[in-house]
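Undergrad: Mind looking over this structure? Questions follow.
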Amino acid sequence: MLDLKFIRANLELVRQAIANKNEKADLDKVLALDDIRRKLQFDFDSLKARQNQVSQEIANKKRNKEDATELIEQMGSVSEQIKQLAAELSDVENELNAILMWIPNVPFKDVPVGKDESFNREVRQWGTKPEFSFTPKDHLEVASQNNLLDMQRGAKITGSGFPVYTGLGATLERALINFMLTFHQQKHGYTEMWVPFIVNRKTMTGTGQLPKLENDMYRVDEEDFFLIPTAEVPITNYYADEILPLDKLPIKMVGYTPCFRREAGSYGKDTKGLQRLHQFNKVEMVRFVHPDESYAVLEEMVGNAEAILQALGLHYRVVELCTADLSFASARTYDLEVWAPGTGRYLEVSSVSNFEDFQARRAGIRFRDADGKVRFVHTLNGSGLATPRTIIALLETYQQADGSFKIPDILQRWIG
RNA sequence: GGAGAGUUGGCAGAGUGGUUGAAUGCGGCGGUCUUGAAAACCGUUAAGGAUGCAAGUCCUUCCGGGGUUCGAAUCCCUGACUCUCCGCCA
């Protein structure tokens, strides 16, 4: 959520940001409602002040055993007006808030402006595409020959997009998660968190998934709960509505969760095998930092995610997203795309974003500055990494001529 | 799932329907004293909003929502959560 005062002071900037992100929001309505809100607030405050004052007088009279009937009668109508104004004020505030919730974050100034993903900017590459003496197979074929995956029975149990990992495939999945968690915890200094996989509406709103993405998520209607689409949601909201002492920053948390995504309407495009799923596993890094540091930390976090791919020996590239590809809440995002030799494409395995104070304002995550001032923290998060496409890259990169595949040494200790 | 108790400021913990934004203690910050520190003493210490150049003034908030009343932390209804006991269960 953007600060209303910021919107008022930077109207054109916000208007441009909405357009560049292909979003829609009625800023004129916001300004109009805000005017009404302030006027109602002023009237309400004035009447309340009067009521408070006269209440004192009534109390004094009663204490002195004097008659207060006249004052009480007067206040009857004031009381009615206050109720009326309070109701109007609350309606306007709700309406205003509802619109504010649909205004996206403003992109960082250096983010390339673009209308689709073709405007994304490649930042760098690491490693090179591996060479094969044979035609590399795609991950489904490798998985099939080695009995690692069962998409059909996953579909039978639940539906398409719910894979079953079998035997060594399951072990590899678990090893990968374990490896990544331990790596971030030990080498990058993150605190490991194990959090609920189902969250309430307030939490889902705090990180910006709601109201926009309600239809992309699995719901538990009876409780108005949601299955998390990413660990970002429960981990970021861990400190919601709190004021953190300065010495608690920076906060670095890492957690594994399964991720659940309905994403109706995404069928047909790049869905083969493990490329696009309704349930998948992901290790997520989350950081809360002083506003002055967030862009430096963003670069550092990209490095943290890259370190995993490097340790696994997988070729990848780093891409900066253009405004249109940027998520609703993000101000700047880098994607890591790993090379999948059999599929013949780069696949997104990580997305690292700086949300500045957008999420913090929604979720109420603040800290006390050196001079005692209460401010919003900057929140960042990044996948480190999502497993399915990492598995794709591993299977396709380390496949052998005979159809078997080699598990990278670094994962061996987790395979057992 | 059943029964009971509870939810107040950073924490602990008072609170009679009427100067209670809230006693007291702890913690934090500033000061006096001290070579320095501790102790002691003094002062200070919530967040959000409206208005104003500012100093300031005013309003809201005692888990959330609704109600009673001239007036609610205090009374009523309702929801959430926590704790204790019982039941069930991995």
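The values are calculated or read from the model by the stated rules, or taken from the named source; none is laboratory data. Just so you know, these numbers come straight off a predicted model, no measurement behind them. All Cβ positions, even for glycine, are placed from backbone atoms using ideal geometry, and neighbour counts span all protein chains on display.
Undergrad: If I go through the range A:146-173 residue by residue, how many of them are under 24 Å from the mean Cα position of the chain (by Cα) and surrounded by fewer than 17 Cβ atoms within 10 Å (Cβ to Cβ)?
TA: 0
Undergrad: Which of (1) within 24 Å of A:Ala329 (Cβ to Cβ); (2) in contact with an Asp or Glu (Cβ under 8 Å, 6 or more places away or on another chain); (3) not β-branched (Val, Ile, Thr) is the odd one out, the single condition A:Lys109 does not satisfy?
TA: Going through (1) within 24 Å of A:Ala329 (Cβ to Cβ); (2) in contact with an Asp or Glu (Cβ under 8 Å, 6 or more places away or on another chain); (3) not β-branched (Val, Ile, Thr) one by one, A:Lys109 breaks only (2).
Undergrad: So, in the range A:353-389, exactly how many residues are more than 12 Å from RNA strand B (Cβ to nearest atom) and without any contact (Cβ under 8 Å) to a residue 60 or more places away in the chain?
TA: Residues meeting the conditions: 1.
Undergrad: Find the strands (runs of 3 or more DSSP E) located wholly in the range A:346-416 whose residues include 2 or more that are more than 25 Å from A:Glu299 (Cα to Cα) and among the aliphatic types (A, V, I, L, M), and list them.
TA: none
Undergrad: Only one of these conditions is not met by A:Glu337: (1) in contact (Cβ under 8 Å) with a residue 40 or more places away in the chain; (2) closer than 22 Å to A:Thr271 by Cβ. Which number is it?
TA: Among (1) in contact (Cβ under 8 Å) with a residue 40 or more places away in the chain; (2) closer than 22 Å to A:Thr271 by Cβ, A:Glu337 violates only (1).
Undergrad: Now for a different question. Pick out the one residue from A:Arg8, A:Arg50, A:Arg38 that is part of a helix (DSSP H, G or I), within 12 Å of RNA strand B (Cβ to nearest atom), closer than 30 Å to A:Cys322 by Cα and over 23 Å from the mean Cα position of the chain (by Cα).
TA: A:Arg8
Undergrad: Here's something else I'd like to know. Looking at (1) surrounded by 15 or more Cβ atoms within 10 Å (Cβ to Cβ); (2) free of Cβ contacts under 8 Å to residues at least 24 places away in the same chain, find the lone condition where A:Arg413 falls short.
TA: For A:Arg413, the exception is condition (1).
Undergrad: Just a yes or no: is a residue in the range A:296-306 surrounded by fewer than 19 Cβ atoms within 10 Å (Cβ to Cβ), at pLDDT 95 or above and either among the polar types (S, T, N, Q) or in contact with a helix residue (DSSP H, G or I) (Cβ under 6 Å, 6 or more places away or on another chain) (or both)?
TA: no
Undergrad: Can you pull out the residues in the range A:53-70 that are within 9 Å of RNA strand B (Cβ to nearest atom) and either under 20 Å from A:Glu95 (Cα atoms) or exposed (fewer than 14 other Cβ atoms within 10 Å of the Cβ) (or both)?
TA: A:Gln53, A:Ser55, A:Gln56, A:Glu57, A:Ala59, A:Asn60, A:Lys62, A:Arg63
Undergrad: So which residues in the range A:201-225 are modelled with pLDDT under 90 and either surrounded by 15 or more Cβ atoms within 10 Å (Cβ to Cβ) or assigned to a strand (DSSP E or B) (or both)?
TA: Listed by number, the list holds a single entry, A:Val220.
Undergrad: Additional query: Within the range A:283-339, can you find the residues that are closer than 12 Å to A:Asn354 by Cα, small (Gly, Ala, Ser) and not in a helix (DSSP H, G or I)?
TA: Scanning the range A:283-339 gives A:Ser327, A:Ala329, A:Ser330, A:Ala331.
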